[in-house]
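Below: one structure, written as structure tokens.
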Amino acid sequence: MSVATIQSDRLGANPFVVEGPIVSGSGIPGPNFSLGAVAGGDRESEWVYCQLVLASQTTLQPGQWFQWTKDYVASLLTTAAAVVGNRCGVFSGASQPQTITGGPIGSITLAAGTYYIWLQRNGQAPALVTTATAALVVAETTATAGLANAPASATATTKAIANVNFAAANQTFTATTVNGSPVLTSLGGLSANAGPFIGASVSGTGIPGGTTITGITYAPNNVIQSITLSANATANGTGITITATGVLEATLMRPFLSKVN
């Protein structure tokens, strides 16, 4: 996953900060940037500043897909709501004092209200993907908000997402597990910025079914140092092969909704 390092000539905002809720007359300024402002980072990454209006409590997770209008009003991407021609990208994570729950570079739960968020449109990024098969160059919407699909061939009535591909259908690496602990250490087979990502489902010896990644600690060189799971390991193990699925490394090239399949 790319990390933003260059913002704009105006100081103070960070692409991993969700601003809001903005309440008219509260004295809290918002937005802090012009809608459509672009932030840049390493590996050709770009983020776009958008408005997000939530009608109800919503949890945002790294890798969720959004679309935005020409006025930079964003919404979670679904087949039913997708508009051909709209630009789209992913939410990379949140780092702010939570509204309800959340933490640094992870999922965040927001109350209803108006927010301003940075959405990634270019570079390497986590992406929530259901079916992932074949060459991983077919991308399309699904009925589930924020979730894309990468099937072997297009699914009728979905909306095609152009200019995106995926590194692999899943990711395997090795780790040390400790019985009764949710933390994986002594990780092997991982590259800087390449995942796995928060929200991914994981499986392996001593890992309970339905376990996901809830936290990641990075070393200064951006290589993952440790991984925290949603459940404790049930056995001690060294060099255990772990498989992560559901949140893939995507290469975004300013995606947009190109057609109805």
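The values are calculated or read from the model by the stated rules, or taken from the named source; none is laboratory data. Computed from a prediction, not measured in an experiment: that's the story for all the values here. Because the Cβ atoms are built from the backbone with ideal geometry, glycine has one as well, and the counts that use them run over all protein chains shown. Please note that ligands, DNA and RNA were not included when accessible areas were found on the heavy atoms of the full protein model with its side chains. Shrake-Rupley method; radii C 1.70, N 1.55, O 1.52, S 1.80 Å.
Computed over the chain, relative contact order equals 20 percent, with contacts defined as Cα pairs under 8 Å that lie 6+ residues apart.
Potential lengthening of the chain between residue 236 and residue 130 amounts to 35.1 nm, from the contour at 0.36 nm per residue minus the alpha-carbon distance. For the stretch 78-92, putting each phi into the Karplus relation 6.51 cos²θ - 1.76 cosθ + 1.60 with θ = phi - 60° gives couplings of 9, 4, 5, 8, 5, 10, 4, x, 5, 6, 8, x, 10, 7, 8 Hz, in residue order, rounded to whole numbers and with x for Gly and Pro.
Rolling a 1.4 Å probe across the protein heavy atoms gives the stretch 120-168 an accessible surface of 36 Å² per residue.
Take each peptide in 62-71, 146-155, 201-210, count the other Cβ atoms within 10 Å of every residue, and average; sorted highest first, the result is 62-71, 146-155, 201-210. Over the chain, the ratio between the Cα radius of gyration and 2.2 N^0.38 Å evaluates to 1.00. If the segment from residue 145 to residue 57 were pulled out straight at 0.36 nm per residue, it would be longer than the present Cα-Cα gap by 30.3 nm.
Taken along the Cα-to-beta-carbon direction at a fixed 7 Å, the label points for residue 154 and residue 243 span 3.0 nm.
Once backbone amide H atoms are built at 1.01 Å from N, residue 256 has 88, 162 as its partners under 5 Å, excluding neighbours fewer than 5 places away on the same chain.
How would you classify the stretch 30-88 from its alpha-carbon gyration tensor, with a ≥ b ≥ c the square roots of the eigenvalues: rounded for a/c under 1.5, else prolate if a/b is greater than b/c, otherwise oblate? Here the stretch 30-88 falls in the rounded category. Relative contact order of the stretch 103-235, taken over Cα pairs closer than 8 Å and 6 or more residues apart, is 19 percent. For the stretch 171-261, the fraction of 1.4 Å probe accessible surface lying on carbon and sulfur atoms is 51 percent.
Remark on residue 181: its backbone amide H falls under 5 Å from those of 233, a criterion applied only to residues 5 or more positions apart or on other chains, H modelled at 1.01 Å from N. Site pair residue 219 and residue 170 shows an inter-label distance of 2.6 nm when each label is modelled 7 Å from Cα along Cα→Cβ.
Going 7 Å from the Cα of residue 261 along its beta-carbon direction, which residues of the stretch 133-153 have the amide nitrogen within less than 11 Å of the resulting point? Residues 133, 137-143, 148-153 qualify, since their backbone N sits under 11 Å from the label point.
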